[in-house]
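A short worksheet on the structure shown next.
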Amino acid sequence: KKLQQLVQALPDTQDAYEFRQPVDWHALGLIDYLTVIQKPMDISTVKSKLNGNCYTIVEECLDDIQLIWDNCRLYNAK
């Protein structure tokens with residue numbers, strides 16, 4: 001229940017705006033995005049996986065949330 005509350009609150013934070021939906025790499029012209037980012041992740045996908053009971057342990061969800069930020073740092077490192 002606490003995890004559900006956390007994930008529900010994520011999109012409301014100012015820093016989360018760009019991470020609410022999957023990166024539209026095609027529209028943004030980021031042709032190398034899927035080469036650099038092996039496992040895209042965003043808040044809406046985390047919400048869907050949580051609501052669909054796709055996580056067997058809390059850490060799996062937390063790992064996906066961390067992956068959002070890790071992907072951002074990886075792709076935007078340049």
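The values are calculated or read from the model by the stated rules, or taken from the named source; none is laboratory data. Note that this is a predicted model, so its numbers are computed, not measured. Neighbour counts are summed over all protein chains in view; Cβ atoms, including those assigned to glycine, are modelled from backbone coordinates with ideal geometry. We work out accessible area using only protein heavy atoms, side chains counted, and drop any ligands, DNA or RNA first. Shrake-Rupley method; radii C 1.70, N 1.55, O 1.52, S 1.80 Å.
Data for the structure
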read-out	value
For the chain: accessible area per residue (Å², 1.4 Å)	73 Å²
With Cα atoms, 0 to 90° folded angle of helix 58-75 axis to the chain main axis	20 degrees
Area accessible to solvent at Leu50, 1.4 Å probe radius, in Å²	30 Å²
Selection from Gln8, Leu34, Asn71 lying farthest towards where the dipole of the chain points positive, charges on Cβ	Gln8
Hull-based mean projected area of the chain, where the convex hull spans the alpha carbons, in square nanometres	5.5 nm²
